[in-house]
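The next block holds one structure in the form of structure tokens; read it before the comments.
The values are calculated or read from the model by the stated rules, or taken from the named source; none is laboratory data. Since the structure is predicted, the reported quantities are computational estimates derived from the model, not experimental observations. Positions of Cβ are generated from backbone atoms using ideal geometry, with glycine treated the same way; all protein chains shown enter the neighbour counts. To get the accessible areas, we keep the full protein, side chains included, count just its heavy atoms, and leave off ligands, DNA and RNA. Shrake-Rupley method; radii C 1.70, N 1.55, O 1.52, S 1.80 Å.
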Amino acid sequence: MNSLLFLLALPLLYWQGGVESAPALREAGVERLCVPPDMAESWRKAGFSVVPMSQVEFASREKLLTPGIAARADVASPTRSPWVNANGWRILRDSSRDGIDKYHYDLPAGKALLAAAEAFAYGADVILKIDPSDLEEFGRMLSFLRQLPRDDLPTLADLAVVDDGSTLAGEVMNLLARRNLLFRVSPTPLSQFRFNIKLGTEEYPKKEAKDPSLFALKIRRLLTDEQRRLRIYGSEVVICRLTGDDSRVRMHLLNYGGREIAGLRIRLRGAFAKGEVFVDGSGRMQLTDYALTDGATEFSLPKMETYAVIDLPKR
Amino acid sequence: MDRRTFVGLLTTVPLVSTVEGETVPKYRIVSDYRPASVPGMPGLHPGKVIAVKSGKCLDASGDKVNAEIVREMMARGMRELTGEAKEIDAWRRFFDPSDVVGIKVNCGGHPWVVSSYEIVAGTVRNLIAVGVKPSQIYVYKRFQNQLDEVHYAPHLPAGVRIVAAERANRNIDNTGYDPATYVEADLFGEEDTRSNIMRLVTERLTKIINIPNMKDHGATGVTGCLKNIAYGSFSNVARTHQRGKSHTLSFVGTLAAVEPLRSRTVLQIMDGLRGVWHGGPFAHTRRYVFYPKQILFGTDPVAIDRLLLDIIDDKRKAEGAISVWDRSPKYLDVDNGTQRDQNPNVNIIIREPGHVEYASKLGLGVHDLTKISVREIEV
């Protein structure tokens, strides 16, 4: 990915404040933003790279959920395995078909950091409307994203979901992603996968999928934990997007829990050398307790706040 | 086949359950530690329990401990356990100056029923008398916030370390656990299927003294030696009980049997000055606190816990409460802690007191009452 494309891949801020707020944006490291068309010229004159966008245009983009954990006592345990609002599955799904490819977040205070990271991790064309009090944090995340090595690797998966476009299939994808069961979305079965999940078939009846959590567990047990490319220990609220090719992998780790996690343990099937680790809020870091065991590579991430990127070359 | 694989296969062989119809999850145990020639559990004295009782160990209110009486109770208990004439020689049976000793305390019953300052301090005093430096003594449990509440420091000599693995029970702080030593099991479909042992246990300690309390427990029936050392030394254990069901029947003993925990836990001192007969492991209210006024000594956690089952159940019967063995759905009010705290005839989980017998089948001690030797001493 060249530098221009990378710059365009960064989450974009939708800012309705007047140009008098320019110093605050500059201080936060924001150089490029969307503004209402009637304010575009003044922002350009202030030295910013500007994309004019009306409120209607902004709202016409598909709205993403505010990412994070939510209280849903009926379907999740608030303490052990809370309900997670995450959008990655949806972005992956949309990217597999024509239609929706532009999104927006309209975020309450405290959510800009995670939303920006999520948008970047899934390579989505996203514009974020944030609470002004989050500007500094948003800028911190932009700064972190800019320093990441450029990469545009394809998604790695353990199975395929044959998408019939239904809400039910979407909920299944949501719960698979929630459990870090890595999948690729396709309109037709993909022969390279042992499991192609097509709802309405004998193996995967729709009535089973009506409890998507239980259904995802069924898929997990069919696949078996031993055969999964990725396992995460030490948290139930970290979701990973795994990309890679024959020579390397990149892990995008997103912490939806809102609290720093220390000592996240990761198991990746295959043999990988120690690579590079980038952690928002901490910079570069070394993986610890690295081990090759039972056909997998295991290591610990000493700490992460919202977002971490781990690049590992294959051995 | 390497040793790690060998250990794993051994421990995934299904065992016969002690509760009809109960299935035992598949456990994968990963540990590179070899057992000692005489593992600490059941240790030097399988099936032997010394019960030292004293009506004078507490004041009339139950709040104040008579330190001198407790000191005497400890001396008598250790001498009787080992057959030594002198207290220091009794302690020398287990420890030498080179040891790094962990004291596993229990603070979950704060403020009323925790490992008493007097017993913990007495244990430290004897270790120092043996020649163990204060800096080689670690008072520990998993959660720092619970240790902070009980605050042992003013009662202990300078230099004794008081350490925890996590700040609190929030499942966000794993650095205090050993990533290479764990039990893996998928109990309820949870994603995090590992319970890792504390690094302190694998990397620092050479010996461990277990100081549990006499308490009822909503999931295990009672919490004594086995539960205190197992759930108090491993991460991610609350996952074993969900929506009224518990896997504690097999999980408690399975954890306690993991090396090096099993080999290094060489002494059990059950603090029964005070106890909890309902609502445990907590003691939010004094309503369920009672006063057994005794300390149990041994090396066999199963034998002591077998006695504890009867102590708690007898007390519950005396109070008109259902038995810890009751599995009837009519007393089950799943996850309703408020009801449980108000009514001793409410269970929030089906209890698994059979975990004690299960642990005996893993070789951790003697469960058969006819084979347990109890020596009672009155001070």
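Residues are listed down the side, and each one gets a yes or a no for (1) at pLDDT below 95; (2) buried (at least 24 other Cβ atoms within 10 Å of the Cβ); (3) over 19 Å from B:Val302 (Cα atoms):
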| site | (1), (2), (3) |
| --- | --- |
| B:Val65 | no, no, yes |
| B:Val70 | no, yes, yes |
| B:Gly77 | no, yes, no |
| B:Ile88 | no, no, yes |
| B:Arg92 | no, no, yes |
| B:Ile103 | no, yes, no |
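Please specify each residue of segment B:46-63 satisfying the condition of being open to solvent by less than 30 Å² (accessible area, probe 1.4 Å), under 23 Å from B:Asp368 (Cα atoms) and in contact with a Leu (Cβ under 9 Å, 6 or more places away or on another chain). Scanning segment B:46-63 gives B:Val49, B:Ile50, B:Ala51, B:Val52. The number of residues in segment B:105-141 being surrounded by fewer than 24 Cβ atoms within 10 Å (Cβ to Cβ), outside any helix (DSSP H, G or I) and of a type in the set (D, E, K, R) comes to 1. The single residue among B:Glu203, B:Glu149 that is within 14 Å of chain A (Cβ to nearest Cβ) and over 30 Å from A:Arg220 (Cβ atoms) turns out to be B:Glu203. Residues that are among the aliphatic types (A, V, I, L, M) and within 11 Å of chain B (Cβ to nearest Cβ) within segment A:238-263 comprise A:Val238, A:Ile239, A:Ile261, A:Ala262, listed in sequence order. Residues in segment A:171-180 include at least one that is under 26 Å from A:Gly283 (Cβ atoms), touching a residue at least 40 places away in the same chain (Cβ under 8 Å) and within 14 Å of chain B (Cβ to nearest Cβ).
Restricting attention to segment B:68-94, the residues that are part of a helix (DSSP H, G or I), among the charged types (D, E, K, R) and in contact with a Lys or Arg (Cβ under 8 Å, 6 or more places away or on another chain) total 3.
On the stretch given as segment A:56-76, residues that are at pLDDT below 95 and open to solvent by 40 Å² or more (accessible area, probe 1.4 Å) total 6. Residues in segment A:269-315 that are open to solvent by less than 50 Å² (accessible area, probe 1.4 Å), more than 14 Å from every other protein chain (Cβ to nearest Cβ), under 26 Å from B:Ile29 (Cα atoms) and assigned to a strand (DSSP E or B): A:Phe272 alone. In the set (1) surrounded by fewer than 16 Cβ atoms within 10 Å (Cβ to Cβ); (2) within 17 Å of B:Thr240 (Cα to Cα); (3) touching a helix residue (DSSP H, G or I) at 6+ places or on another chain (Cβ under 8 Å), B:Trp325 fails one condition alone, (2).
Of everything in segment B:142-162 that is farther than 30 Å from A:Met304 by Cβ and part of a helix (DSSP H, G or I), the residue that is least open to solvent (accessible area, probe 1.4 Å) is B:Val150. Among the residues of segment A:220-251, those that are closer than 21 Å to B:Arg28 by Cβ and aliphatic (A, V, I, L, M) comprise A:Leu222, A:Leu223, A:Leu230, A:Ile232. Does segment A:145-159 include one or more residues that are closer than 21 Å to A:Met304 by Cα and open to solvent by less than 10 Å² (accessible area, probe 1.4 Å)? Yes, segment A:145-159 has at least one match.
Scanning segment A:202-227 for residues that are more than 10 Å from chain B (Cβ to nearest Cβ), in contact (Cβ under 8 Å) with a residue 12 or more places away in the chain and surrounded by fewer than 20 Cβ atoms within 10 Å (Cβ to Cβ) gives A:Lys206, A:Lys210, A:Leu222, A:Leu223, A:Gln227. Residues in segment B:182-197 that are within 11 Å of chain A (Cβ to nearest Cβ) and either open to solvent by less than 10 Å² (accessible area, probe 1.4 Å) or closer than 15 Å to B:Gly232 by Cα (or both): B:Tyr182, B:Ala185, B:Gly189, B:Asp192, B:Thr193, B:Arg194, B:Ser195, B:Asn196.
Filter segment A:115-133 down to residues that are touching a Gly at 6+ places or on another chain (Cβ under 8 Å) and either touching a residue at least 60 places away in the same chain (Cβ under 8 Å) or open to solvent by less than 10 Å² (accessible area, probe 1.4 Å) (or both), then give me how many there are. Residues that pass the stated criteria total 4. The residues of segment B:163-180 that are acidic (Asp, Glu) and either at the interface with chain A (Cβ under 7 Å from one of its Cβ atoms) or part of a loop (DSSP other than H, G, I, E, B) (or both) amount to a single one, B:Asp173.
Candidates are the residues of segment B:181-217 that are of a type in the set (Val, Ile, Thr) and outside any helix (DSSP H, G or I); the one that is nearest to the chain's Cα centre (by Cα) is B:Ile211. Among the residues of segment B:268-289, those identified as open to solvent by less than 30 Å² (accessible area, probe 1.4 Å) and in a strand (DSSP E or B) are B:Gln268, B:Ile269, B:Met270, B:Asp271, B:Gly272, B:Leu273, B:Gly275, B:Val276, B:Ala283, B:Val289.
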